[in-house]
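First comes the structure, then the notes that go with it.
Just so it is clear, none of the values below were taken in a lab; they were calculated from the coordinates. Values in this document were obtained by computation on a predicted structure and should not be read as measured data. When we count neighbours, we look across all protein chains shown, and the Cβ atoms used for this are built from the backbone with ideal geometry, even at glycine.
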Amino acid sequence: MSEFYKILRLLSVFALILLASGCGSAIEDLRQRYRPGSPREAYVLGLETMGIAESAIASEWALQGDEALRVTLSPTLPYREEGSLFPTEIMALGYRLRLERGQQLIVRASLDNGNDFFVDLYESLDAMGLPMRRVASADSTAELKHDIDRTKDYFLRLQPEILSEGGFRIEIMTDASIIFPVTGRDTGAVQSFFGDSREAGRRSHHGIDIFAPRGTPVIAVREGRISRVRTGGLGGRTVWLRDNKGHSFYYAHLEEQLVQSGQRVVPGDTLGLVGNSGNARSTPPHLHFGIYKNGPHNPWPFVFSPNLRPSSLRVESQYFGTWRRTDASRVSLLEAPSSGSLTLARFESPVDLHIIGGTSTYYHVRLPDDSEGYITASDMERTIMRNINSPIQRSRSTIGS
Ligand SMILES: [Zn+2]
């Protein structure tokens, strides 16, 4: 054993002694310090190391980060926003997203000047009376991809490094979180849905039925282990696949099973062939596909791939990053960039708006009191906005003089 490894072993023994002698909190402190839980935490640690974490700018940055998690903005997905950061403004962008179990959330963000954008996804634990919990994070060097485990409200925060300025781009979308279970088919082949009535309402359908010619391969939707291969009952010839997150995927009415119990599989491996065994004898061949984890779950969000590109930008990018004052005509502040949106406020007297960015035919704006929303491009054009250097009532989030 080299001297180096001897020293390394001595050090780890020393750490164990520290733990055993009640210095656990010191160790925890070290762990907290040197193993940050997210790129944003690593950045904050860097600020601490440089001794500037308590500076006015860094404190305001941290505060804006917290504020961004209390937003009311609720964009429709897929979402694309382009905008511009105000050089003297410390800010963070926050979005509330309603997401469904089984969907995969994908977030991409970038800044034109190459600085980092910190992306953090939180889940609301409001129903339990608890604060939010961070469930995923990334920086702009990596795309954030997260499989949604619970249907609820999530809060997405995108915060650039301190003193970032210039253009930014954001894309937020959802996709399927598993591959489609029948080769060569997609959700267009689904003809019976989760929750459909069965046996004259005596039970409900705990899966989706995917129609395909007899003998079409059914495939592993995730990496995992075959937990059961069985013949008999309503499902006829069936295969159960279990992934490492505790989901069991159920394949029923097979013509033939091509795996054994205990076998390990990777996505795309053939598990069997489509048929109409069990109680599907009188129907055309189809795969009954179910997903269970503490009860049955709707497979649709797991397999549905919206295949939509976010709509392109149809607003004036010259307004981005500027303050504008409206005239006295009516302007509505909306919660979402869509025609069915809830109206957050209506202004009939001049109001100052910081135009952060735009999405499709809407502008994303912030008011001097830090409230946010969307206004339509037509409202914007109609109100003949004057360019102003700064708002009448300066925002708390504006730094400098
Ligand atoms: Zn079925």
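Worth pointing out:
- Ranked by how many other beta carbons lie within 10 Å on average, peptides 125-134, 331-340 from highest: 331-340, 125-134
- Going from the fewest other Cβ atoms within 10 Å to the most, the residues ARG366, ARG198, ARG150, ARG222 appear in the order ARG150, ARG198, ARG222, ARG366.
- In units of the compact-protein estimate 2.2 N^0.38 Å, the stretch 187-303 shows a Cα radius of gyration of 0.98.
- P(r) weight above 19 Å for the stretch 43-109, C-alpha pairs, percent: 50
- 10 Å binning of all Cα-Cα separations within the stretch 80-125, expressed as whole percents from 0 upward: 17, 51, 25, 8, 0
- Kirkwood estimate for the stretch 159-241, i.e. one over the average of 1/r between Cα atoms, Å: 16.9
- Which of ILE90, ILE106 has the fewest Cβ neighbours within 10 Å, and the rest in rising order: ILE106, ILE90
- The stretch 40-176: relative contact order in percent, alpha carbon pairs under 8 Å with at least 6 residues between: 35
- Computed [θ] at 222 nm, deg cm²/dmol, the chain (DSSP H ≥ 4; -39,500 (n - 2.57); rounded to nearest 500): -4500 deg cm²/dmol
- Of the GluC sites (Glu not before Pro) in the stretch 244-321, the ones in a loop by DSSP (not H, G, I, E or B) with at most 16 other beta carbons within 10 Å are GLU316.
- Look at the Cα gyration tensor of the chain: its axes a ≥ b ≥ c give a/c of at least 1.5 with a/b at or below b/c, and that counts as oblate.
- The stretch 317-388: relative contact order in percent, alpha carbon pairs under 8 Å with at least 6 residues between: 38
- By definition, a body whose alpha carbon gyration tensor gives a ≥ b ≥ c is rounded when a/c is under 1.5, and the stretch 317-388 falls into this rounded group.
- Looking at the stretch 119-166, the GluC sites (Glu not before Pro) that sit in a DSSP loop and have at most 15 other Cβ atoms within 10 Å of their own Cβ are GLU143.
- Structural descriptor for the stretch 311-350: relative contact order 37 percent, calculated from alpha carbon pairs under 8 angstrom and at least 6 residues apart.
- Proximal lysine pairs, the chain, alpha carbons under 30 Å, eight or more residues apart or interchain: 5
- Peptides 262-273, 48-59 ordered by average Cβ neighbours within 10 Å, highest first: 262-273, 48-59
- Semi-axes of the equivalent ellipsoid of the stretch 40-176 are 25, 18, 13 Å, computed as sqrt(5λ) over the eigenvalues of the C-alpha gyration tensor in descending order.
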